[in-house]
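Heads up: the structure comes next, in structure tokens.
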Amino acid sequence: MAETHVLFVEDDDVIREATTLALERDGFVVTAMPDGLSGLESFRADRPDIALLDVMVPGMDGVSLCRRIRDESTVPVIMLSARADSIDVVLGLEAGADDYVTKPFDGSVLVARIRAVLRRFGHAGGPNGAGSGADEDAAGERGVLSFGDLEVDTEGMEVRKAGVSVALTPTEMRLLLEFSSAPGTVLSRDRLLERVWDYDWGGDTRVVDVHVQRLRTKIGQDRIETVRGFGYKLKA
């Protein structure tokens, strides 16, 4: 099995070195960079399997770096923040990050989150860059599912709106597959965290909320309905 290459962008020397050693002990190949500009250069040169980006780094902050990476790739991104501040979290997720971890973090927790993301992206590919690693049972009936002018090809991992291909990240694709498997059914945030983000423990539901909003901007704002106090549902 090929080794997993991690791009790690962190300006704190102690955290960068300690985290790099911890990840390497778990079998990851790590390229560690102290600022956003060198991180972007490394990303373009090495094309890592996953990027860990601290929010507050010099040169180009982690949120801006995440946007640049997302413009070029659907590679998974985890943001690292010294604060659990809502602004930091939401900005990172809106920039295209798939998850976030708050510092200080336990090395085993970070490794678990990395592996959870990589499991979701394990078979990433296809014309949209959307992963085919979504669980088959999450996709429901195989084939093309239609919801008005929205078509979800669960075999080809493609989405079309009014006949035009829609580019989704693997996380967005998994989220849409989960909704498509139960149109008209309200799905709680906790269920979505478990099924899409592979969390077997309580997670931050803001991750779900921001990804739902990102998905809405691509497939139509009125396609996914908010059911206050319960969750979301895809309009049948």
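The values are calculated or read from the model by the stated rules, or taken from the named source; none is laboratory data. From a predicted model like this one, the values you see are computed outputs, not experimental measurements. Don't worry about glycine lacking a Cβ; one is built from the backbone with ideal geometry, like all the others, and counts go over all protein chains shown. We work out accessible area using only protein heavy atoms, side chains counted, and drop any ligands, DNA or RNA first. Shrake-Rupley method; radii C 1.70, N 1.55, O 1.52, S 1.80 Å.
Under 27 Å of direct C-alpha separation, and excluding same-chain neighbours fewer than eight residues apart, Lys233 reaches these lysines: Lys161, Lys218. In the stretch 158-236, the portion of solvent-accessible area held by carbon and sulfur atoms comes to 47 percent [1.4 Å probe, whole percent, DNA, RNA and ligands not counted].
When the Gaussian network model of the chain links Cα atoms closer than 10 Å, the mean-square fluctuations of Val109, Val196, Val57 top out at Val109. Modelled this way, with points 7 Å down the Cα-to-C-beta line, the labels at Met56 and Asp190 are 3.4 nm from one another. Using the Cβ-Cβ distance between Val109 and Gln213 with R0 set to 22 Å, the FRET efficiency from 1/(1 + (r/R0)^6) comes to roughly 0.25. What does the helix-only formula give at 222 nm for the chain: each DSSP H stretch with n ≥ 4 adding -39500 (n - 2.57), the total divided by the residues, and the result rounded to the nearest 500 deg cm²/dmol? Computed ellipticity for the chain at 222 nm equals -12000 deg cm²/dmol.
Computed FRET efficiency, Cβ-Cβ of Ile87 and Glu3, R0 35 Å: what is it to the nearest 0.05? If you can, show how the numbers build up before the last one.
Working: r = 35 Å, r/R0 = 1.01.
Calculated transfer efficiency: 0.50.
Using the Cβ of Ser108 as centre and a radius below 14 Å, the other residues enclosed give a net charge of +1, where K and R count +1 and D and E count -1. Under the classification rounded if a/c is under 1.5, otherwise prolate if a/b is larger than b/c and oblate if not, where does the chain fall, given a ≥ b ≥ c as square roots of the Cα gyration tensor eigenvalues? Note, shape of the chain comes out prolate.
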